[in-house]
Each structure stands twice: as structure tokens, then as C-alpha cells.
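**Student:** Next up is a structure, given as C-alpha cells.
The values are calculated or read from the model by the stated rules, or taken from the named source; none is laboratory data. Since the model is a prediction, treat every value here as computed from it, not as a measurement. Cβ sites come from the backbone with ideal geometry, for glycine too, and all protein chains shown count toward neighbours. For the accessible areas, the whole protein counts, side chains as well, though only heavy atoms, and no ligand, DNA or RNA atoms are used. Shrake-Rupley method; radii C 1.70, N 1.55, O 1.52, S 1.80 Å.
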Amino acid sequence: MTTFIRALLGATAISLAVSPALAEKLTIATVNNGDMIRMQKLTDDFAAKNPDIELEWVTLEENVLRQRVTTDIATKGGQYDVMTIGTYEAPIWAKQGWLVALDDLGADYDVDDLLPAIRGGLTVDGKLYAAPFYGESSMVMYRKDLMEKAGLTMPDAPTWDFIKEAAAAMTDKGNEVYGICLRGKAGWGENMAFLSAMANSYGARWFDMDWKPQFDSEAWKATLTDYLDLMNNYGPPGASSNGFNENLALFQTGKCGMWIDATVAASFVTNPNDSQVAEHVGFALAPDKGLGKRGNWLWAWNLAIPAGSQKTEAAKKFIAWATSKEYLELVASKEGWANVPPGTRTSLYENENYLEAAPFAKMTLDSINAADPQKPTVDEVPYVGVQFVAIPEFQGIGTAVGQQFSAALAGTVSAEQALQSAQQTTERTMRRAGYIK
């Protein structure tokens, strides 16, 4: 992990003071990943254009951010004027009247330039309720030098069987090089994002058409068994504590042969200022099992305004600035085109400067386009969402299941016990919520 990300890990508050006596203060809750932290570094540009608006940042680890903003918006706490929320929350909260519609971000905002796959997930009844800061799918990032040393060639569209073969061939535990790094930290947006997407490719699903949980299926058993085999045999120690940031640090310091995770990581692992292996990184689509679905997800981190904010006009100005074409050009001018937030605008993928600077651009776009939240699984399901189920109860059940699977990775329960507990916990919640009788 880069030094500036590590320095801001956990809860921080950073104020950019602009004439405190007169400025209108916006409190912005955001996640502690590299693109968001880069945005904070560049807000002098916003301050110069909006001297009457002061920004106060609350920067949080992903799981903590979700807990804080969910509690605040559900209780109308009013702590935040701008929230960083995901593709999961946006439509649910919009339907509950918890978000301000963003249908007037300015004539030059060009909402039609937003990628249809990303925009569609943030739109309810024709109105945009969150503006995407960056969009992502997931893909394989791998060490070309280690792959070559192992005598293997990574296909553009690998299978899970090839991933296992390559992980075994690249593992060198004596030198702290592990064939594969995957999320193990419990959380519906941490390990369950990866495992739900992997399960889709194995023919598994969260629920059947009657909303009955499916963790007792052979497809889920195969998914979890193969995941545990990969991680126990070829993964790093302590993997049950590793989320996106921890695996990013491992990959950047040369300890991972492969890492299957968010496409947004590509600019960090290929940045020679941050990554010790930048010149050796290659990319491939997320793996499949031959069933017509790949193990990739669809996600965006977005900026939204809670309905309880008294500063909606100022908040819209900030959101329009942070998610605009001009912001992408600002990042490019400061840190190069390869480092602009990806996955939100069609024009970015038509920009020759970006395509030349970002060797991962096509793979990112192909991965985003390969995910179908309307038909995420091999068999029919009653829900939408690729690595999540777009119902309000999912945060709770997703995290509970994630805890069981993380415990299985840590070795405190067996795969069979974890699946049995997942089935029971999920079925109990769904009965209580009235989905099944």
C-alpha cells in the first residue's frame, strides 16, 4: 500500500479552510482508497472555484463507512452532506426517499456520457440519484515474469482450472511469493463480493425463484471448497484478514503471483512510484467454469446527497466537480492519464491519450460490459445485482455469511459447517422478512 494511503487509513478528518467565518461547510464521508484520497489532494482546484464552500472530510475503512452512512441516513442523523455510497445502496435508498435526485448537475455535466451499465444502476424512475466517481468490474492481475518463469501463458479469458495450475506453479513460500491473493476479510462488500461473483461462474446463486437460500447446493460447495484450496495451498498467511487494501500492498511489494480483484487497482499496480512490480503486470478477464458466466462483478463508488442535508446546492456543486470530465483532465494533468478514475464515462475510452497511457483500459471496459446485473447467474433468480442481492436485507445476511466463510478460511470452522450456518442464518432472516413462509 502506498504511504499516503496508509497514512490516512481509518477515520480521519481533513478540513480545507476557506474563510471559515463565511464559508458553508460540507462534510463528506468517503472511503480510504487511493482514488478518493487523490481527490482530497486535488480539492484546491474546487476551493479556488468555490471560495464560499469549505470541505471537511471523514475518511473511513470500507466496512466502517458502510455502517456509519447507513446508520446516519436511516436515522436522519444529518452528519454528512455528501456520502460515498455503492451501486447496492443507491437504488434502494432512492426508492425509500433517502437521497436527493441529481438531475440538475449543470448544462456542461454531460450525463449522457456516463457508461450505460454504470448509470443504469444509479437511476430510479429516470432520475440519477448518485454520480459515479469511478466504476469497476473485477479481473485477473498477474505477474508476467513469474508466469513466464513457470512456463505458462495467461489466456485473455482464463478458466478456474488454469488459475489453480498457475497459482501452484508460481508459489514460492520460502521467498514469500504466493501464487494467488484473494479477499478473505469478512464483509458483504469484502470477501462476499469476490465469492458471490466466483459462485455465479460455478453455477451457484444466493436464492432460487422462491427466495429459498441455496448454500446447501453442490455449486456453492464446489465454490467454497475451491476457494479454500486455492488460499490454503497458494495464498498468503493471515488471508482471512485481507481485503482490497491489504492485497494491494501484497501485490505491489511482489508477494502475489496473481490477484483477482477490482479493475480500479490497475492504475496502482502499474504505477512505478507505488508498485515494485509495475513493469511486470499483465491483465486478463475474471475466470470462468465453462458455464457461460465469468467471476466478475459490477460496482461503482458514487457521491450522493442524503435527503436530510440542508446544503444541497453546495453539495451538488462539489459532486458535479468531482465526477466531471474536467476532473479527469485535472488528474491527468497532475498525475498522468493512467491514474484518472476509470469506468464512468464513454469519452474516456475514446480518448487516445488514456488508451495509450493505460494498458488496462480495454480489459477494464470489457470486464464492465461482461457483467449483467439483470441476469447475474447461470440459472434464473428473482433478484438483480452481480456480487450482491439488491434487497435491503442483504447487508446483514451478506456480512453474516462473509463471517462464516472468513472463519472457514481461518480454519476455525469447516467448509461444510460454514455453508450450513450460511444456509440457516439466511433462511431465518428471509422468513422473518416475509420472503419465504
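**Student:** Can you compute the modelled spin-label distance between Ser241 and Thr253, with each label point 7 Å from Cα toward Cβ, in nm?
**Tutor:** With each label placed 7 Å out from Cα toward Cβ, I get 1.2 nm.
**Student:** Please list Asp226, Asp72, Asp210 from largest to smallest accessible area, probe radius 1.4 Å, with all protein chains kept in place.
**Tutor:** Ranked list, largest accessible area first: Asp210, Asp226, Asp72.
**Student:** A further question follows. Tell me, what is the per residue accessible area of region 270-356 in Å², probe radius 1.4 Å?
**Tutor:** That works out to 40 Å² for each residue.
**Student:** Separate question: If Asp156, Asp35 are ordered by their accessible area, calculated over protein heavy atoms with a 1.4 Å probe, which sequence runs from highest to lowest?
**Tutor:** Result of the area sort, largest leading: Asp156, Asp35.
**Student:** Here's a follow-up. Once the Cβ-Cβ distance between Gln424 and Ala168 is put in as r, and R0 is 45 Å, what FRET efficiency do you end up with, to the nearest 0.05?
**Tutor:** After rounding to 0.05, the efficiency reads 0.85.
**Student:** Taking 0.36 nm per intervening residue step and subtracting the Cα-Cα distance, what contour gain separates Asp45 from Met209 on full extension?
**Tutor:** 54.0 nm
**Student:** Could you please put Arg345, Arg428, Arg205 in sequence from largest to smallest accessible area, using a 1.4 Å probe?
**Tutor:** In descending accessible area the options line up as Arg428, Arg205, Arg345.
**Student:** Please check which bits of region 202-237 a label hung off Lys375 would reach, taking the label as a point 7 Å along Cα-to-C-beta and the cut-off as backbone N under 17 Å.
**Tutor:** Once the point is set 7 Å along Cα→Cβ of Lys375, 202-205, 209 turn out to lie under 17 Å by backbone N, inside region 202-237.
**Student:** Identify which of the listed values of Rg and Dmax of the Cα atoms in Å was calculated from the structure shown: (i) 21.1, 65; (ii) 20.1, 67; (iii) 25.2, 113.
**Tutor:** Here the calculated entry is (i).
**Student:** Place a +1 charge on the Cβ of each Lys and Arg in region 78-218 and a -1 charge on the Cβ of each Asp and Glu, then give the dipole magnitude about the Cα centre in debye, rounded to the nearest 20.
**Tutor:** Once rounded to the nearest 20, the dipole reads 520 debye.
**Student:** Please give the solvent-accessible surface of Glu329 in Å², to the nearest 10, using a probe radius of 1.4 Å with every protein chain present.
**Tutor:** The value for Glu329 is about 100 Å².
**Student:** Find the percent of Cα-Cα distances in region 193-284 that exceed 15 Å, and round it to a whole number.
**Tutor:** The proportion of pairs with Cα distances above 15 Å equals 65 percent.
**Student:** 7 Å from Cα along Cα→Cβ at both Glu326 and Asp125: what's the point-to-point distance in nm?
**Tutor:** 3.2 nm
**Student:** Among Ile118, Met83, Pro272, flag the residue with its Cα farthest along the positive direction of the charge dipole of the chain, charges on Cβ as +1 for Lys/Arg and -1 for Asp/Glu.
**Tutor:** Met83
**Student:** How large, in percent, is the carbon and sulfur part of the accessible surface of the chain at a probe radius of 1.4 Å?
**Tutor:** Of all accessible area on the chain, carbon and sulfur atoms account for 48 percent.
**Student:** I've got another one for you. Once label points are set 7 Å from the Cα along Cα→Cβ at both Thr312 and Val64, what is their separation, rounded to one decimal in nm?
**Tutor:** So the label points at Thr312 and Val64 sit 3.1 nm apart.
**Student:** What length, rounded to one decimal in nm, is gained on full extension from Gln417 through to Lys221, with 0.36 nm per residue of separation minus their alpha-carbon distance?
**Tutor:** In short, 69.5 nm is gained.
**Student:** From the square roots a ≥ b ≥ c of the eigenvalues of the alpha-carbon gyration tensor of region 34-142, which class results: rounded (a/c under 1.5), prolate (a/b over b/c), or oblate?
**Tutor:** Rounded, because the longest to shortest axis ratio a/c is under 1.5.
**Student:** What figure, in Å² to the nearest 10, do you get for the accessible area of Leu114 with a 1.4 Å probe and non-protein molecules left out?
**Tutor:** The accessible area comes out at roughly 0 Å².
**Student:** Among DSSP bridges having both ends in the chain, what percentage is antiparallel? Round to the nearest 5.
**Tutor:** 70 percent
**Student:** Tell me whether region 175-332 comes out rounded, prolate or oblate; compute the Cα gyration tensor, take square roots of the eigenvalues as a ≥ b ≥ c, and use a/c under 1.5 as the rounded threshold.
**Tutor:** Oblate shape, in that a/c is at least 1.5 and b/c is the bigger or equal ratio.
**Student:** Can I ask one more? Given a 1.4 Å probe, how much area per residue of region 357-433 is accessible, in Å²?
**Tutor:** Counting only protein heavy atoms, the per-residue value for region 357-433 is 45 Å².
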